[in-house]
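Working notes, structure below.
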Amino acid sequence: MPKIVTLPGDGIGPEVTAAAAEVLREVAPDVTLEEHAIGGGAFDAHGDPFPQRTRDALQDADAVLLGTVGGAHDSAWNRLPRQLRPESGLLALRRALGCYANLRPVRVQPGLEHLSPLKPELARGVDILIVRELLGGIYFDGDREISGSAAYNTMRYTTPEVERVARRAFWAAEQRRGRVTSVDKANVLEVSELWRRDVQALRDREYRSIHLNHEYVDSVAMLIVADPSRYDVIVTENLFGDILSDLAAVIPGSLGLMPSASLGDGPGLFEPIHGSAPDIAGKGVANPAAAIMSAGMLLRHGLGRSDAANVVDRAVALALRQHPTRDLGGRADTRTFTRAVLDAIGTPAVG
Ligand code: NAD
Ligand code: IPM
Ligand code: MN
């Protein structure tokens, strides 16, 4: 019986995770869900945003389903020493699980082009996979400081770190359209020069059937919304991937439609890419689709249950057609949307 650790977290995290857990129970009744604390709430209750008890629970987990962490800009959590802040709990979780490859799919389902602010002809058929490096770069480098009127951070990568995430991108591309775009800032940064060199060398050595090209991150920030169909798989470093993936959420129409899977050598971590949305937390109006689709990715990548994952994806697409949430210009609240997904799961597929 697979064990899933759920970490609802802060803000809308508990609302969307409850919806995803309900869907998981429906399509995989044999899984055990065990809830634990993470983020600001975990700090308040246990003095640690990633408490030991949560850490221990990961030992025999098959996968982890995460909500969101963090408070509003003026939250007292943001005045804590950095290592005690909610976001540090999330980063420590990613590190503890060794999840170095963060897969962030950007898909416009047929019939859902109207949810995108882009012209329908631009949104139609978009299917991009952003592979974001998740354990390195400027996020984790210990060479960092703020002191008086000066501060610095360091972006550093090594060849093994670049190769292991690039490999994931090449594998993914082999199952897709065979094209990888590596995104960097090699015209300015040495760290990008290494990134580009290593990704190209790996392609030339081991993935000759993949079409690889390199683009600059500033240009990609424009092209990904101006001409999204040009991309198949994008692979990039941690910070660039963070920024580009929120930008890419514009294509399907909302951050509430962006799930993710973080994979390494152990249990995977599955989470929506959006934050805790303090502006709407507690109101019952958050879009749970990204969390539900993350549960779908958990079924596919974490438990190897593609059939159940397909059922979830199809149900979400149906629910989006009939009951769009407010972030998508509709009227459905979290409950109504989740109900619609559960109903669609019970409806036999047509064709
Ligand atoms: P955010 O993603 O929380 O919100 C940005 C905007 O999108 C807000 O207007 C919000 O209401 C809306 N939004 C996000 N998700 C939504 C959903 N599912 N349904 C409807 N609307 C949604 O970003 P932010 O405001 O910059 O950050 C808020 C907090 O979340 C911060 O503390 C930040 O550090 C944290 N954060 C956490 C994660 C995570 O846990 N993985 C990710 C990003 C940000
Ligand atoms: C994300 C978030 C996190 C990140 C923060 C909350 C640490 O923005 O998952 O995209 O930057 O990785
Ligand atoms: Mn982000």
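The table below lists the values:
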read-out	value
Longest exposed-site-free window of the chain, the sites being trypsin sites (Lys or Arg not before Pro) in a DSSP loop that have at most 14 other C-beta atoms within 10 Å	1-143
Residue-by-residue Karplus 3J(HN,Hα) for segment 53-66, coefficients 6.51, -1.76, 1.60, Hz, glycine and proline x	5, 5, 4, 4, 5, 6, 3, 10, 7, 8, 6, 10, 10, 10
Rounded to the nearest 20 debye, dipole of segment 106-255 from Cβ charges on Lys, Arg, Asp, Glu	520
Karplus-derived 3J(HN,Hα), 6.51/-1.76/1.60, for each residue of segment 309-315, Hz, glycine and proline x	4, 5, 4, 5, 4, 5, 5
Mean-position separation - Cα centroids, segment 69-126 and segment 1-57, in angstrom	17
Cα-based equivalent ellipsoid, segment 301-351: semi-axes from gyration tensor eigenvalues, Å	22, 13, 9
Probe 1.4 Å, accessible area per residue of segment 127-173, Å²	46
Accessible-area composition of the chain, carbon plus sulfur, in percent [1.4 Å probe]	51
Highest-MSF residue in the chain out of Ala309, Ala169, Ala96 [GNM, Cα springs under 10 Å]	Ala96
Aspartates and glutamates whose Cα lies under 16 Å from that of Lys3, excluding same-chain neighbours fewer than 8 positions away	Glu22, Glu26, Asp30, Glu34, Glu35, Asp56, Asp60, Asp62
Rough spin-label spacing in nm, given labels placed 7 Å along Cα→Cβ, for Asn187 and Arg25	5.4
The chain: most fluctuating residue of Ile138, Ile12, Ile130 per GNM, C-alpha cutoff 10 Å	Ile138
Radius 12 Å from Cβ of Arg164, net charge of other residues (Lys, Arg +1; Asp, Glu -1)	-3
Equivalent ellipsoid semi-axes, the chain, via Cα gyration tensor eigenvalues times 5, rooted, Å	29, 26, 20
Gained length - Ala76 relative to Arg208, 0.36 nm times residue gap less alpha-carbon distance	42.4 nm
Residue-normalised accessible area of segment 199-351, expressed per residue, 1.4 Å probe, Å²	39
Per principal axis, descending, Cα span of segment 186-281 in whole Å	48, 37, 27
Highest-fluctuation residue, Asp279, Asp127, Asp242 considered, GNM on the chain with Cα pairs under 10 Å	Asp279
Calculated SAXS-style log₁₀ I(q)/I(0) at q = 0.15, 0.19 Å⁻¹ - segment 106-255, Debye, Cα scatterers	-0.78, -1.11
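The values are calculated or read from the model by the stated rules, or taken from the named source; none is laboratory data. Predicted, not measured: the structure shown is a model, and the values here were computed from it. Positions of Cβ are generated from backbone atoms using ideal geometry, with glycine treated the same way; all protein chains shown enter the neighbour counts. Areas reflect the complete protein model, heavy atoms only, side chains present, ligands, DNA and RNA absent. Shrake-Rupley method; radii C 1.70, N 1.55, O 1.52, S 1.80 Å.
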